[in-house]
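Okay, so here's the structure we're looking at.
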Amino acid sequence: METNLASKGAVRRIIGRFGLRLQKKWGQNFLISPATVAQIVAAADLTPGAPVLEIGPGIGTLTQGLAKTGAAVTAVELDPALPAILAETLAPYPNVRIVSGDILQTDIPGLMGNEPFTVAANLPYYITTPILLHLLEAGLPLRRLVLMMQKEVAERLTATPGTKAYGAVTVAVQYYTEAEILFEVPPESFLPPPNVISAVALFRPRAVPPVSVRDERMLFRIVRLAFAQRRKTFRNNLRAAGWDPEACDRLLAAAGIDGARRGETFSLEEFARLADAAAALQE
């Protein structure tokens, strides 16, 4: 009978058998909830042979669920001690490929064959946002991303303007994707249990950004500037960044934006207007 790697007993046996010492620096909390694995796999919407990238497979709890769909699973693992263990725990699945390395230093297009693929992962919580932005900004042919992360981070990535969670990373993620939280995952679903509630979020890459801008780099420069000091008005953040009063007035007038507002109140469309106005002023 096939062992369910996501069961608490199986995870304990694997840890004991291989003498694993969980690395806090890499945020290693192994999933021990078969139901959660099933929900993530269902959200990934995989078909036999479809390429899927997993980041941080650990001992293979989620990997096994992905593999059972018949998808072509590529799992990138940072901990050099784990690939040998994964080779054994996932031995029944010839459709799984284990790659040792840092996803931020990996040639992902080369690894995934330059064809559309899905990402499904329980991301290390200490580096969730850098990994997500790395994937989105690389121009990869992504079908969808189903990612487990700290609930607080998921709320930040799906926040709306005017809320406390809304920030520069929210704008970036929502520029590239349609994002939504699917469900929460309690601490007892992991071994060892983390000190936070987790959540699984779905990111659907946009074929075309929701706003059109003359200079994408300028857009994100304006966004970062707006959130440089959250409690300051946008005009004051402009001044702090070296804009003179006359240039501030021209920018705000051209964009039709009240400089007394804070950046956290701006919609993506308003950021786009500001970016186009700033680009025009530099011409």
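The values are calculated or read from the model by the stated rules, or taken from the named source; none is laboratory data. The shown structure was predicted, so the numbers you read here are calculated from the model rather than taken from an experiment. Using ideal geometry, Cβ is built from the backbone for each residue, glycine included, and neighbour counts are taken over all protein chains shown. Note: areas computed on protein heavy atoms with side chains; ligands, DNA, RNA excluded. Shrake-Rupley method; radii C 1.70, N 1.55, O 1.52, S 1.80 Å.
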Review point. If you put +1 on each Lys and Arg Cβ and -1 on each Asp and Glu Cβ, how big is the dipole of the chain around its Cα centre, in Debye rounded to 20?
Key: 720 debye
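Write down the accessible area per residue of region 161-283 in Å², having rolled a 1.4 Å probe over the full set of protein chains. Mind showing how you got there, number by number?
Values: 6120 Å² over 123 residues.
Accessible area per residue, region 161-283: 50 Å².
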Practice item. May I ask you to derive the FRET efficiency for GLN282 and ALA228 from their Cβ-Cβ distance with R0 = 30 Å, giving the value to the nearest 0.05? Key: 0.95
Practice item. Could you go through region 202-216 in sequence order and give the Karplus-derived ³J(HN,Hα) for each residue, using 6.51 cos²θ - 1.76 cosθ + 1.60 with θ = phi - 60°, rounded to whole Hz, and x for Gly and Pro? Key: 10, 10, 9, x, 7, 5, 9, x, x, 10, 9, 10, 6, 9, 4
Practice item. Express in whole angstrom the spacing between the alpha-carbon centres of region 220-246 and region 169-189. Key: 27 Å
Review point. Using alpha-carbon pairs under 8 Å, 6+ residues apart, how would you state the relative contact order of the chain in percent?
Key: 14 percent
Point to revise | In nm, spacing of pseudo-spin labels at THR3 and SER212 (7 Å Cα→C-beta vector) | key: 5.7 nm
Practice item. Determine the dipole magnitude for region 129-187: charges of +1 sit on the beta-carbon of Lys and Arg, -1 on that of Asp and Glu, nothing else is charged, the reference point is the Cα centre, and the result goes in debye to the nearest 20. Key: 40 debye
Practice item. Run the quick spin-label model on TYR126 and TYR93: label points 7 Å from Cα toward the beta carbon, then report their separation in nm to one decimal. Key: 2.6 nm
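Expressed as a rounded percentage, what relative contact order does region 144-224 have, with Cα pairs under 8 Å and six or more residues apart? Mind showing how you got there, number by number?
On the way: 113 pairs, mean separation 29.4, N = 81.
Across region 144-224, relative contact order equals 36 percent.
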Review point. Where both partners of a DSSP beta bridge lie in the chain, what percent of those bridges are antiparallel, to the nearest 5?
Key: 50 percent
Check your understanding: How large is the Kirkwood hydrodynamic radius of region 99-240, in angstrom, based on all distinct alpha carbon pairs?
Key -> 16.6 Å
Practice item. Sort out for me the Cα centre separation of region 96-132 from region 3-22, rounded to whole Å. Key: 24 Å
Exercise for review: Give, as ranges by residue number, the residues of region 52-77 whose backbone N falls under 19 Å from the point 7 Å along Cα→Cβ of ILE15.
Suggested key: 56-64
Exercise for review: Would you compute, from DSSP H runs of 4+ residues alone, the mean residue ellipticity of the chain at 222 nm, taking -39500 (n - 2.57) per run and dividing by the full residue count, rounded to the nearest 500?
Suggested key: -11000 deg cm²/dmol
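Given Cα pairs under 8 Å that are at least 6 residues apart, what percent is the relative contact order of region 56-139? Walk me through the intermediate numbers first.
Working: 85 pairs, mean separation 25.9, N = 84.
Reported as a whole number, the value is 31 percent.
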Point to revise | Ratio of Rg to Rh over the chain (Cα coordinates, Kirkwood Rh, two decimals) | key: 1.05
